[in-house]
Structures are given as structure tokens and as C-alpha cells.
Amino acid sequence: MPKELLNGVEIFYQLDGSGSNTLVLLNGIMMNTADWYGFVPVYIKDYRLLRVDFRNQGQSEYVQEDFNIDIHVDDLKALLDKLSIEKVHMLGVSYGGKVAMLFALKYHDMLQSLVLCNTTARVTKYLREVQDSWIQAAMQYDGEKFFRRIAPFIYSPKFCEENRKWIDIREKAFGKVLIKPWFDAFIKLVKSSNEYNILDKINMIKVPTLCIASDFDILTPISELELIQSRIEKSELLVISNAGHAPQYENKPEFNKAVLNFLKLNNY
């Protein structure tokens, strides 16, 4: 399996395709590289695609000590250097969007463009309360109960109504797959962004940026993406309708079309 020892931690990644431009996909907090599997055929037509599990996520190493979200930036930089990749497009979803903005602030010369999907430049009081409730749910170490707790925050009401069978299958899968080490690692990921607030710094991001929001996202509502878009000079905002916090799943065609059209404009 493709892993690299970076900053003392084994980081799992998958690199597909052979395009001259590289797209890096950064996971949401409960995602892993496998969650992007269905997107690979779409993106490798034009791009080399790099998927990465953050430390304490997916098949990367789970560390016992607490860490700050900033640490993922240095892990990513080390991985790109190891793979001899000098310039990338970067797409971050939710937690991954936070990491993408931090990367843009520290290593802007390595970016061709930035796609920020359903993310925020700060942890609001509401988001902190939701995260605290997720930690409490995780501490029960029950995958099915955990999924039932988080699903209403992630998916739109319409998606939940129309995809009940998929939701039920997902719930049972969480019950089988999620074990204590995953929950402990997840809790540390959640806590890593407790002090996260870069709202007053993101005006320094100078790369072309696409902000994607959803009209039914209660975790990172449109207003949070509007704040980001208003402070990044070369940015635009796109709102996906009838979707919650995961538009890449709820409206995959519109999501892919928006991303690919934007990336095409910023290839060089």
C-alpha cells in the first residue's frame, strides 16, 4: 500500500492518472481516500489525481498525542516533495477545506488554484457545539448510533427522504467498520481545530479560488462561504441547490461540472 513516513507519521495516499496537472483531494473529517473512488474515472481524464488520508484518518497512522490542524499542512508539503510534485490544484471539503486554506497561506507558490467546498475560515459557536456533540457520540463507541447522530447534520432532508435505503445501509456499515481506535482518532481530529480562526488572514490568499456552498448546509452555511469569498481577491462563489453538507454526493454531476470547469480555466 502506498504510504510514506512523513514527519514521523505514516501517511497513506493514492496517486492515479498521468495528466500534466495534478489535483489534490483533501477529505472531510469523516472521509478517507476510498470515499473518492467514484470520482477517480472522472478526474483522471485530464488530471493526475492525488488522494490523501490525514494523520488519524483512513489508512494513515493514528497518533496518540494531541495535535493542531496546522500539522496536516507540513504533512502535505512533505508528501508533495517526496513525490516531486511542485505545483497543484487543491480541493478541500469541510475539514479538508480548512487545511487547504492553511496550505495556501503557507505555500501559495505551490498552488495553481483552490477549490473550497462547504468549509469555513473559523469555528463558529454553533459549529463548536455540534463538534462537542459528535465527540460525546463518538465516546459511546457505537458506529450505528454515531451515524444516526451525525447524518441529519450532513445530508439534506430531501436526500435523506429519497435515499432511505442508502442511509440504512450506510448506518449498518458504520456499525461494522468503526471501532474504538477510529473513534479515538476522530476525537483528536475534531479537537485539532478547536482554536481554528483564519478569517483575518485569508485575504492573503492570492490564487484563483472557487468557493462551493449548499443551500441546505447547516454546518457551514452559505454565509460562511460568502465571508471567505468576500476576502479572497480572485474568488467566486457557486451554490449547489437541494444539497446539505456533502454536495459531492448529493449532486455529483453539478459538483463535478463546477470543479472541472473552474480547473480548466486555471491550467497552465
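Which whole DSSP H helices in the chain pass both tests: a Cα extent of 18 Å or more along the axis and a mean Kyte-Doolittle value no lower than -1.0?
Helices meeting the span and hydropathy rule in the chain are 125-138, 164-177, 252-265.
Pop out the Kirkwood hydrodynamic radius of the range 63-116 from its pairwise C-alpha distances, inverse of mean 1/r, in Å to one decimal.
Radius from the Kirkwood sum: 11.5 Å.
Which of rounded, prolate or oblate describes the chain when judged by the alpha-carbon gyration tensor and an a/c cut-off of 1.5?
In terms of gyration-tensor shape, rounded.
Report for the chain the percent antiparallel among DSSP-assigned beta bridges with both residues inside it, nearest 5.
If I count the DSSP bridges inside the chain, around 25 percent turn out antiparallel.
Counting only Cα, what are the radius of gyration and maximum Cα-Cα distance Dmax of the range 78-153, in Å?
Calculated on Cα positions, Rg and Dmax stand at 16.3, 44 Å.
Pick out, in residue order, every one of the GluC sites (Glu not before Pro) in the range 167-268 that is DSSP loop and has at most 14 other C-beta atoms within 10 Å; say none if there are none.
Here the GluC sites (Glu not before Pro) that fit, given the DSSP loop and packing criteria, are GLU195, GLU233.
Using DSSP loop states and a limit of at most 16 other Cβ atoms within 10 Å to flag trypsin sites (Lys or Arg not before Pro), what is the longest stretch of the chain containing no flagged site?
Between exposed loop sites, the widest span is 88-200.
Once you have the alpha carbon radius of gyration of the range 130-238, what is it after dividing by 2.2 N^0.38 Å, with N set to its residue count?
That ratio works out to 1.30.
Which whole-number percent of Cα pairs in the range 20-59 have a distance greater than 11 Å?
Result for the distance tail: 61 percent.
Looking at the range 1-156, what % of its DSSP beta bridges pair antiparallel, to the nearest 5?
35
Please state, rounded to one decimal and in Å, the Kirkwood hydrodynamic radius that the range 1-141 gives when every pair of distinct Cα atoms enters the mean of 1/r.
Evaluated on the range 1-141, it is 15.6 Å.
Taking the Cα centre of each part, how many Å lie between the range 1-65 and the range 79-136?
First find each Cα centre; the distance between them is then 14 Å.
Restricted to Cα positions, what overall size does the range 146-200 have along the principal axes? Three whole-Å values, descending.
Per principal axis, max minus min of the Cα coordinates gives 41, 31, 12 Å.
None of the figures in this text is laboratory data; all of them are computed from the coordinates on show. Quantities reported herein were computed from a predicted structural model and do not represent experimental measurements. So basically every Cβ, Gly included, is an ideal-geometry build from the backbone, and we count neighbours across all protein chains shown.
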